[in-house]
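One structure is given here, and the rest of the page talks about it.
The values are calculated or read from the model by the stated rules, or taken from the named source; none is laboratory data. Please read these numbers as outputs of a predicted model, since none were measured by experiment. Positions of Cβ are generated from backbone atoms using ideal geometry, with glycine treated the same way; all protein chains shown enter the neighbour counts. Side chains included, ligands, DNA and RNA excluded: accessible areas come from the protein's heavy atoms. Shrake-Rupley method; radii C 1.70, N 1.55, O 1.52, S 1.80 Å.
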Amino acid sequence: MAAMLLFSATQPATGDCPPDDFDARQQRVEQRISDAVAQGKLSEREADRFRKTLARIARDCQKCRNSKGLSSWEVSMLVREFDRLNWRLSRRLKTSR
């Protein structure tokens, strides 16, 4: 992520921002985490790690919304971060069966 921020300092902002569905994606992931804890598939400690990652991604998205915008490359990085978190969560939940 630090490399992404360094890159943004060298590239012009394009005005692109993460899609509006980031809020919905964040809510879905948070719900999946909460459901997994309630079902005993995820410990609170594991849930906290996933939530911390989710919070970091949300902060990065908010920075974009509050700034003049990020490059398309940076938006793609945020999308990949979300996808990676979702993949890790899915993988963890599959191993808890």
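Across segment 48-71, the qualifying residues are those that are in contact (Cβ under 8 Å) with a residue 12 or more places away in the chain and more than 20 Å from Asp23 (Cβ to Cβ), and the one among them that is surrounded by the most Cβ atoms within 10 Å (Cβ to Cβ) is Ser71. Annotation: of all residues in segment 30-45 being in contact with a helix residue (DSSP H, G or I) (Cβ under 7 Å, 6 or more places away or on another chain) and in a helix (DSSP H, G or I), the one that is farthest from Thr95 (Cα to Cα) is Glu30. Go through segment 78-94 and give me each residue that's out of contact with any strand residue (DSSP E or B) (no Cβ under 9 Å at 6 or more places or on another chain) and open to solvent by less than 100 Å² (accessible area, probe 1.4 Å). Of everything in segment 78-94, those that are out of contact with any strand residue (DSSP E or B) (no Cβ under 9 Å at 6 or more places or on another chain) and open to solvent by less than 100 Å² (accessible area, probe 1.4 Å) turn out to be Val79, Glu81, Phe82, Asp83, Leu85, Asn86, Arg88, Leu89, Ser90, Arg92, Leu93.
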